[in-house]
Each structure stands twice: as C-alpha cells, then as structure tokens.
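What follows is a single structure, written as structure tokens, with notes after it.
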Amino acid sequence: MERKPVYYSEYLQLDKILNAQSPESAKEGIRADDEMLFIIIHQTYELWFKQILHELNIVRSVFLQQNISDNTPDIYNSVHRLKRVIKIMEVAVMQMGVLETMTPLDFLDFRDLLRPASGFQSIQFKMVEATLGLNYEQRHGKAYYLSQLTPADVDRVKHAEEQKSLLVLINQWLERMPFVKNEEYWNETEGASFWGKYRDAYINSLSEAEKQNLPVFDSIFINSSAYPAGRSFSAEASRSALFIMLYRDHPLLQLPYELLNTLLEVDEGLSMWRHRHIHLVQRTIGKRVGTGGSTGAEYLRGAADSHYIYKELSELTSFLLPRNMLPVLPSKLINDLSYSR
C-alpha cells in the first residue's frame, strides 16, 4: 500500500499550534498588544521542557540497565543527550531577552487578567527537576509547591518524583565502578594505602586556610562510618566520582568524566535560567507578588539558592590534586583503563 504523502503544515499540526493563542485581554475587549508575545514565549518554554524531558528519559533508560557495557555507545549517547539539554537551556536563557522587550507598563496592561495562573504551575518544569534528582525535601517553599495545581497535575508531579531519578541512577552506576575496590587491583591493605597516600599528598597541597577541608575529606574517603548524613551521593559513589575526575586522562575514564562534567553543566544551565528569571521579575513587577500568589522575586531567589541538584559533585573539586602529585596506579589497572587491554 502506497504511503500517504507528508504535508508540512499537517506534519507539524500547525492548525493546532498557530490557533492555540487566546489572549485574555481580547476576551475582555482590552488592548494589550504584548500579551501575544507573553503567550508564545511561555508556550515555547513548555515545548523546550517537553524536549528536555524526552532527552532525560532516554538517558534514564540507559542507566536503568543493571550493567552498562564499555563496548556499547550508551555512555556517549547519554553525554550527547545531556549536551543537547545544555544547548536548550542556553536558548531558554537567551529567550528571556525577547520577553524583556515587553516593558513593565506593557505587562500591566494584561497582568491582572492572568490571576491566579503563574509560571509556578509549570508541571513540566517540576518534572524536569524531579527527573534530574531534585527531591521534595530539597525544595524551597514546600508548602506552596503543589498548592496551585489541579489534582490531576499533582498526580503527574508525584508520579515523576516516584520514579528513580537520574541522580539516583548515576549514584548506583558510580557505586558499581570497580577500579578502586576490585581485588584484582588492590588487596585490602593496598586499597587503604592508595587513599592513605592520596590523603598525605592532599594535606601537602592545602594552604593553612584550606586545612578545614581535611575533616570533610576524611569523612568521605577515609572513614565511611563518619560519612555526613543527608548527602545525595553515597560514600562509595563519591569515591568513584573523585577517582574519575583525578584519572580522567585514561581512555576508559574519559567518557565517564564527560558525563559527570555535563551533569554539572546542566545544573549550571538551570541556575542561569533561574537567575535570569529573577532579574526579569524584578525588572517587570518590582516587589509585587506573583500572579499565583508567591512572593515573586524573593521566592525565585530562594529556589535558585537551594535547587542545585548535583552540588555534591561540584564540591568534589575541593579534593583534587595536580597530576604530578597523583598516586601512581598499578600497572594492571593502567592497562585495564586503556583501549588496548
């Protein structure tokens, strides 16, 4: 059977998209020329959020596997997808510039007609945060977090939060990394010796003002029983992550390093978007409350300060050493970290 030809506007369903703007001001017979821009900008954001969720769920499907073979393209594909998320976030931040062409007076022409609708009701953005690993306990303004949503949307968000987040899956993947704990490379004494030697070198690298880092180093890398409570990454995962950062030049660790670094860039992109949003809100409504009833810029600032999802990975850079101070790895491990193994 011959396949029906694809027509551009039908394929993109432009009849639905281009007729999906219904300004409230027009319904009230009020002239507010910039409401069209306001609607299209936010619809575009939601399309980007949908694409981000699509990419994140592909990455999640990779890390949901019990084991990820080094001989598959899975890690490369994951890094590629996350880098696309970063590019989307860059566009999302730049898109604020288009919205900023709407002056505060232009916004006031229709702002009161939007109540109680608010960007705070963006279900997809909450799902993006949950999929990446922001859990309910970490959220700023928890009491307000779901209060403005319909029951159906509350269920959607809670369902997203019940799934294994990318952070949880990355933690499990890091815990499985064998290079620091595998007895093929170290017996118990040698394993302890590696971290002991690393600790000695680390101490020698610290300035007097940095010596306060040492108790934290010990609690993460030396004494597991003293591991700080409430951390998202386990002690074992944190050790593997640091090892990847330290020995990233070895071929087999290059993509894992890219993955960790890309997760930090995703976090940075979200932070840039939040802070650009804060400046936009301050510039547009000053100290007024948001249309959804939040404290406006003040609420956004609190969320921006607390919603760093992969903060613990970035903090591991406090424990890095220059290459010339790194402990030398056993020859078998060097060989197994090479393509020629």
statement: Of the candidates S271, S205, S232, S165, the one satisfying the condition of being at pLDDT 95 or above and either touching a strand residue (DSSP E or B) at 6+ places or on another chain (Cβ under 6 Å) or among the small types (G, A, S) (or both) is S165
- prompt: Could we say that I30 is of a type in the set (V, I, T) and assigned to a helix (DSSP H, G or I) here?
  reply: no
statement: Considering residues that are without any contact (Cβ under 8 Å) to a residue 24 or more places away in the chain, among the hydrophobic types (A, V, I, L, M, F, W, C), under 14 Å from F319 (Cβ atoms) and assigned to a helix (DSSP H, G or I), the number found within the stretch 203-219 is 2
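Yes/no per residue for (1) without any contact (Cβ under 8 Å) to a residue 60 or more places away in the chain; (2) farther than 30 Å from N171 by Cα; (3) of a type in the set (S, T, Y); (4) touching a Leu at 6+ places or on another chain (Cβ under 8 Å):
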{"position": "E2", "(1), (2), (3), (4)": "yes, yes, no, no"}
{"position": "D33", "(1), (2), (3), (4)": "no, yes, no, no"}
{"position": "I40", "(1), (2), (3), (4)": "yes, yes, no, no"}
{"position": "Q43", "(1), (2), (3), (4)": "yes, yes, no, no"}
{"position": "E46", "(1), (2), (3), (4)": "no, no, no, no"}
{"position": "Q51", "(1), (2), (3), (4)": "yes, no, no, no"}
query: Going by the conditions given, is I68 part of a loop (DSSP other than H, G, I, E, B), farther than 17 Å from L166 by Cβ, in contact with a helix residue (DSSP H, G or I) (Cβ under 8 Å, 6 or more places away or on another chain) and aliphatic (A, V, I, L, M)?
result: no
- prompt: Say we look at the stretch 42-65 and pick out the residues that are in contact with a helix residue (DSSP H, G or I) (Cβ under 8 Å, 6 or more places away or on another chain) and among the hydroxyl-bearing types (S, T, Y); which of these is farthest from I123 (Cα to Cα)?
  reply: T44
Meets criteria (over 16 Å from F319 (Cβ atoms), free of Cβ contacts under 8 Å to residues at least 24 places away in the same chain and part of a helix (DSSP H, G or I)) for S225: yes
statement: For the stretch 309-332, the count of residues that are in a loop (DSSP other than H, G, I, E, B) and surrounded by 13 or more Cβ atoms within 10 Å (Cβ to Cβ) equals 8
task: Pick out the one residue from L47, L82 that is in a helix (DSSP H, G or I), aliphatic (A, V, I, L, M) and more than 30 Å from H250 (Cα to Cα).
output: L47
- prompt: Taking into account only those residues within the stretch 96-152 that are among the β-branched types (V, I, T) and more than 19 Å from the chain's Cα centre (by Cα), which is modelled with the lowest pLDDT?
  reply: T150
query: Does at least one position in the stretch 46-59 carry a residue that is surrounded by 16 or more Cβ atoms within 10 Å (Cβ to Cβ) and under 24 Å from T284 (Cα atoms)?
result: yes
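The values are calculated or read from the model by the stated rules, or taken from the named source; none is laboratory data. Just so it is clear, the model here is predicted, and its values are computed rather than measured. As a convention, Cβ positions derive from the backbone with ideal geometry for all residues, glycine included, and neighbour counts pool all protein chains shown.
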